Every structure is written in C-alpha cells, then in structure tokens.
C-alpha cells in the first residue's frame, strides 16, 4: 500500500490527476530524479508500438490499401501466414466478383480454385516492371482472356 505523503502537491493536480500520485510515490520511495527520467523515457519507448503506423505500412492488405502492387499481392498469396493468404484470396475474389459477366464469363466457366491458380501463374510470370503495377489491373487483364462464348 502506498503511504500518503505530507508534501503539498495540490498545485500539480490541475495539470494531471495522476501527477499527485506521481509526486507522492517519488517522495515516499525516495526515487531520485535520474531514476524518474529513466522511467519516463522507458515508458515512452515501450509505448511506441501503440502509436505505430497504419497496417498498410506494416505490410497488410486492408480496405485503405487500394493500390496493392502485384509484387505485394504475390508475396501475400505465397505466404505460409494463413491470415495474409486469406486476405490475398479475398482481394482476388473481390476483383473477380466485380468483373464477373462484364469482362469475363464468370464462375460458370471455371471453379474458383482453378481460376485463382490461372491468375496466380499468370502474375508469377510477369516482369519486374509489371510487378510494380496494381494487382487488380493485372488480375483483370488475365480474366479478360476468358470471355463468354456467344
């Protein structure tokens, strides 16, 4: 249990409700200024992950990441990480669904698994320059090769 200090810290309480406790702890346990500074710096460093960048910067597919490169898409698709692979498959499924019966014949022609494999093999054989372009564009370019036969 923390002992109440006899120090008057009421003028500090207006700044932050925790400030009074901070001074009481410092006075009660005789923490030196250098230790307090060290602890403050340590707290700032340890909380760095809470203020990290968006998931896009962390290498995830997200609704905010609309310009996913083919290179990144292939990396996610070929990973052993189930979540990343599922995200890549859902991305491809979204492109397929949005263009079905408009730019290509649709799922009546192929099973989803077969279609995904055809697209993946096509993307894997692209040049480095093409791999920097948007994944959706190259997926659509492959799907266009399968129009409906009238």
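Taken together, the values in this text are just the output of simple stated rules run on the coordinates, not laboratory data. Being a predicted model, the structure only gives us computed values, none of them experimental. When we count neighbours, we look across all protein chains shown, and the Cβ atoms used for this are built from the backbone with ideal geometry, even at glycine.
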How would you classify segment 70-143 from its alpha-carbon gyration tensor, with a ≥ b ≥ c the square roots of the eigenvalues: rounded for a/c under 1.5, else prolate if a/b is greater than b/c, otherwise oblate? oblate
With a point put 7 Å past each Cα toward its Cβ, work out how far residue 126 is from residue 101 in nm, to one decimal. 2.8
